[in-house]
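Asker: Please see the structure below; I have some questions.
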Amino acid sequence: MILNHLMGLYTQPKQEWHNIEKNHESLKSSLSHVLLVALIPAICAYIGSAHIGWNPVASAEKLFLTSHSAVLMSVGMYFGLIIGVLALAYLAHWMAKTFDANPTFTQAIELASYTATPMFMVGLSALYPELWFMMTVALIGISYSVYLLYTGVPIIMNIPEEKGFIYASSLVTCGLVLLVGLMATSVILWSNGFGPELAGG
């Protein structure tokens with residue numbers, strides 16, 4: 001069932017990872033989880049940027065994106081997040097043998113999708129688009145995602161915690177590289193005329 005482990009990962013994460021390990025979902029179900037949860041930041045970003053507006057630093061006037069620009073940004077964000085999760089799953093699966101693990105790709109997808117979920121939920125903060133608030137929520141979400149990764153790797157990959165720590169650290173490093181790459185791609189696109197368009201600009 002889509003989202004069937006979501007509450008458990010927030011209330012009792014280690015126990016929920018064991019439940020996920022005992023009752024592996026199908027690849028279709030795991031992918032459905034990613035496709036559904038990735039809608040949260042995409043939709044909230046659209047609403048926040050096109051209809052609520054945000055206050056830039058040192059300015060009291062709210063800024064809005066045009067609906068067309070906000071849609072393009074949200075669609076790009078949606079597919080970027082999905083590609084990021086799939087890339088992390090691929091890396092988790094590819095590195096597994098180095099740490100004496102032998103997961104299926106479905107297990108790697110489960111690890112990546114449930115680990116990324118708190119970061120996706122951070123997207124709700126776009127409904128209150130104040131920089132300080134969004135940064136605070138983002139820090140909490142990223143921190144919890146990293147915690148889920150460190151607790152989930154030994155369980156899902158069936159390896160000792162010592163190896164799991166190194167494995168998870170490698171994935172965190174790869175995740176940071178993916179994030180920097182995504183940011184660099186955004187900057188390149190914006191500098192070439194694909195940046196957001198302000199309403200009334």
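Asker: Scanning for something within 24 Å of Val177 (Cα to Cα), at pLDDT 90 or above, part of a helix (DSSP H, G or I) and open to solvent by less than 20 Å² (accessible area, probe 1.4 Å), does region 44-51 turn up at least one residue? It would help to see each step written out before you state the result.
Answerer: In the first step, residues of region 44-51 are kept if they are within 24 Å of Val177 (Cα to Cα); the result is 45.
Checking which are at pLDDT 90 or above leaves us with 45.
Still in the list and also part of a helix (DSSP H, G or I): 45.
With open to solvent by less than 20 Å² (accessible area, probe 1.4 Å) added as a condition, the list becomes 45.
Checked against the condition, which is being within 24 Å of Val177 (Cα to Cα), at pLDDT 90 or above, part of a helix (DSSP H, G or I) and open to solvent by less than 20 Å² (accessible area, probe 1.4 Å), region 44-51 yields at least one hit.
Asker: While we're here: Which residue, of Val37, Val71, is closer than 26 Å to Ser113 by Cα and buried (at least 18 other Cβ atoms within 10 Å of the Cβ)?
Answerer: Numbers: Val71 fails: buried (at least 18 other Cβ atoms within 10 Å of the Cβ).
Answer to the check: Val37.
Asker: Shifting gears a bit: Just for region 184-201: of the residues that are at pLDDT 75 or above and of a type in the set (A, V, I, L, M, F, W, C), which one is most open to solvent (accessible area, probe 1.4 Å)?
Answerer: Quick first cut of region 184-201, residues at pLDDT 75 or above only: 184-185, 188.
Then drop every residue that is not of a type in the set (A, V, I, L, M, F, W, C), which leaves 184, 188.
Values: Ala184: 48, Ile188: 101 Å².
Within region 184-201, the match that is most open to solvent (accessible area, probe 1.4 Å) is Ile188.
Asker: Looking at this structure, is Val137 within 15 Å of the chain's Cα centre (by Cα) and either among the small types (Gly, Ala, Ser) or farther than 17 Å from Leu178 by Cα (or both)?
Answerer: On the way: within 15 Å of the chain's Cα centre (by Cα): yes; either among the small types (Gly, Ala, Ser) or farther than 17 Å from Leu178 by Cα (or both): yes.
Against the criterion (within 15 Å of the chain's Cα centre (by Cα) and either among the small types (Gly, Ala, Ser) or farther than 17 Å from Leu178 by Cα (or both)), Val137 qualifies.
Asker: Out of (1) part of a helix (DSSP H, G or I); (2) open to solvent by 20 Å² or more (accessible area, probe 1.4 Å); (3) over 30 Å from His18 (Cα atoms), the odd one out for Glu61 is which?
Answerer: Unmet for Glu61, out of (1) part of a helix (DSSP H, G or I); (2) open to solvent by 20 Å² or more (accessible area, probe 1.4 Å); (3) over 30 Å from His18 (Cα atoms): (1).
Asker: With the condition kept exactly as written, say whether any residue in region 105-115 is surrounded by fewer than 21 Cβ atoms within 10 Å (Cβ to Cβ) and assigned to a helix (DSSP H, G or I).
Answerer: Taking region 105-115 and keeping what is surrounded by fewer than 21 Cβ atoms within 10 Å (Cβ to Cβ), we get 105-106.
Subsequent filtering for residues that are assigned to a helix (DSSP H, G or I) retains 105-106.
For region 105-115, residues surrounded by fewer than 21 Cβ atoms within 10 Å (Cβ to Cβ) and assigned to a helix (DSSP H, G or I): present.
Asker: I would also like to ask the following. Residues being open to solvent by 30 Å² or more (accessible area, probe 1.4 Å) and either of a type in the set (S, T, N, Q) or within 22 Å of Met77 (Cα to Cα) (or both): count how many of those fall in region 139-168. Steps first, please.
Answerer: Applying the first criterion (open to solvent by 30 Å² or more (accessible area, probe 1.4 Å)) to region 139-168 yields 139-140, 142-144, 146-147, 150, 158, 160-163, 165-166.
The next check asks that each one be either of a type in the set (S, T, N, Q) or within 22 Å of Met77 (Cα to Cα) (or both); those that pass are 139-140, 142-144, 146, 158.
Count: 7.
Asker: Hey, another quick one. Give all pairs with beta carbons closer than 6 Å in which a residue from region 120-133 that is at negative phi and part of a loop (DSSP other than H, G, I, E, B) meets a residue that is among the aromatic types (Phe, Trp, Tyr) and open to solvent by 50 Å² or more (accessible area, probe 1.4 Å); count only pairs at least 6 apart in sequence or on separate chains.
Answerer: Once the first residue is at negative phi and part of a loop (DSSP other than H, G, I, E, B) and sits in region 120-133, its partners that are among the aromatic types (Phe, Trp, Tyr) and open to solvent by 50 Å² or more (accessible area, probe 1.4 Å) give Pro129/Trp54.
Asker: Look through Ile109, Ile52, Ile83, Ile40 and report the one residue that is within 22 Å of Met135 (Cα to Cα), within 20 Å of the chain's Cα centre (by Cα) and not small (Gly, Ala, Ser). Before you say what the answer is, go through the steps one by one.
Answerer: Details: Ile109 fails: within 22 Å of Met135 (Cα to Cα); Ile52 fails: within 20 Å of the chain's Cα centre (by Cα); Ile83 fails: within 22 Å of Met135 (Cα to Cα).
Just a single option satisfies the conditions, and that option is Ile40.
Asker: Sort out which residues of region 20-34 are assigned to a helix (DSSP H, G or I) and either surrounded by 15 or more Cβ atoms within 10 Å (Cβ to Cβ) or free of Cβ contacts under 8 Å to residues at least 12 places away in the same chain (or both), and write them in order of number. I'd like the intermediate steps shown before the answer.
Answerer: Here is the first cut: in region 20-34, the ones assigned to a helix (DSSP H, G or I) are 20-22, 27-34.
The answer is Ile20, Glu21, Lys22, Lys28, Ser29, Ser30, Leu31, Ser32, His33, Val34.
Asker: For region 91-104, does any single residue satisfy the condition of being open to solvent by less than 10 Å² (accessible area, probe 1.4 Å) and part of a helix (DSSP H, G or I)?
Answerer: For region 91-104, residues open to solvent by less than 10 Å² (accessible area, probe 1.4 Å) and part of a helix (DSSP H, G or I): present.
The values are calculated or read from the model by the stated rules, or taken from the named source; none is laboratory data. Computed from a predicted model, the values in this text were never measured in an experiment. All Cβ positions, even for glycine, are placed from backbone atoms using ideal geometry, and neighbour counts span all protein chains on display. Calculation scope for accessible area: heavy atoms of the full protein, side chains included, ligands and nucleic acids excluded. Shrake-Rupley method; radii C 1.70, N 1.55, O 1.52, S 1.80 Å.
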